[in-house]
Amino acid sequence: SEFKSQMQFLVASVTARSDPKAAAVEFDKVLDYDATFELEYVSRYNAAKNLISSRNFSSANPLIENLIVKYKDSPNYLGEISFLKGNYYEEKKEQLKALKQYYDVMKNYPSTVPAAEASFRVGKFFEEKAGNYLNALRYYRYSTEQNTNGANYKNAQAKMNIFKRYYELRSEIIGSQINTDYDLEFYNNTKKESDKEKEGPEFEKE
């Protein structure tokens, strides 16, 4: 039965490449067999992920909430689930909720892959939606500092270098250095209160 669960997961993974709607069903079938604890989690996670990709939000939301409850004692899993919830809001075009969720990931799961990916998504928002390149630079840079194993690590690094060079050139043009350091707003969005107290007021408003 455990071998069958592994084979079913493989079938679901292949299906996900072309048909996320069908893949969600296939990942759910893994639970019909004697899956390990880890494979069970990954299958549930990917079922929710593919429901989001296929825009089946009414089914994705309760599954995400169930994941949060079921894996509440597994911080590594909760970080991934919390990031997935941000994706859920982003796909629904609920950008403010998505940003808040991504900020929560950065606050609650620092130095993890989900924190790095959440910071990258926030950077993309400021670059593509808000046109705020200074904040885009900050969040891309922060993404590279959180974890090097994220799927977008190289993308974040490349974008960080582009915007860093952009502000270096702008500084030369205007004749004064533009401050690209993290500011108080960034600090409030990425740090828990306990961390703020430990680290002190090292960030200042521009």
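The values are calculated or read from the model by the stated rules, or taken from the named source; none is laboratory data. From a predicted model like this one, the values you see are computed outputs, not experimental measurements. For neighbour counting, all protein chains shown are included, and Cβ atoms are generated from backbone atoms with ideal geometry for every residue, glycine included. For accessibility, only protein heavy atoms count, side chains too; no ligands or nucleic acids. Shrake-Rupley method; radii C 1.70, N 1.55, O 1.52, S 1.80 Å.
At a glance:
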| quantity | calculated |
| --- | --- |
| Some residue of the range 55-64 being open to solvent by less than 40 Å² (accessible area, probe 1.4 Å), at pLDDT 95 or above, of a type outside the set (Lys, Arg) and out of contact with any Lys or Arg (no Cβ under 9 Å at 6 or more places or on another chain) | no |
| Per-region count, the range 102-144, residues outside any helix (DSSP H, G or I), surrounded by 18 or more Cβ atoms within 10 Å (Cβ to Cβ) and hydrophobic (A, V, I, L, M, F, W, C) | 0 |
| Candidates Ala116, Ala151 - the one that is under 22 Å from Leu84 (Cβ atoms), among the small types (Gly, Ala, Ser) and in contact (Cβ under 8 Å) with a residue 40 or more places away in the chain | Ala116 |
| The range 12-38, residues that are among the hydrophobic types (A, V, I, L, M, F, W, C) and open to solvent by 70 Å² or more (accessible area, probe 1.4 Å) | Val14, Val25, Phe37 |
| Qualifying position, being within 28 Å of Asn61 (Cβ to Cβ) and in a helix (DSSP H, G or I), among Asn161, Asn189 | Asn189 |
| Yes/no for Lys92 being open to solvent by 60 Å² or more (accessible area, probe 1.4 Å) and under 15 Å from Tyr139 (Cβ atoms) | no |
| Which listed residue, of Gly150, Gly123, is modelled with pLDDT under 95 and not aliphatic (A, V, I, L, M) | Gly150 |
| Count - residues of the range 170-186 that are open to solvent by 70 Å² or more (accessible area, probe 1.4 Å), farther than 12 Å from Leu134 by Cα and not in a loop (DSSP other than H, G, I, E, B) | 4 |
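Yes/no per residue for (1) closer than 27 Å to Tyr187 by Cβ; (2) aromatic (Phe, Trp, Tyr); (3) in a helix (DSSP H, G or I):
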residue: Asp28; (1), (2), (3): no, no, yes
residue: Glu38; (1), (2), (3): no, no, yes
residue: Asn50; (1), (2), (3): no, no, yes
residue: Tyr88; (1), (2), (3): yes, yes, yes
residue: Lys100; (1), (2), (3): yes, no, yes
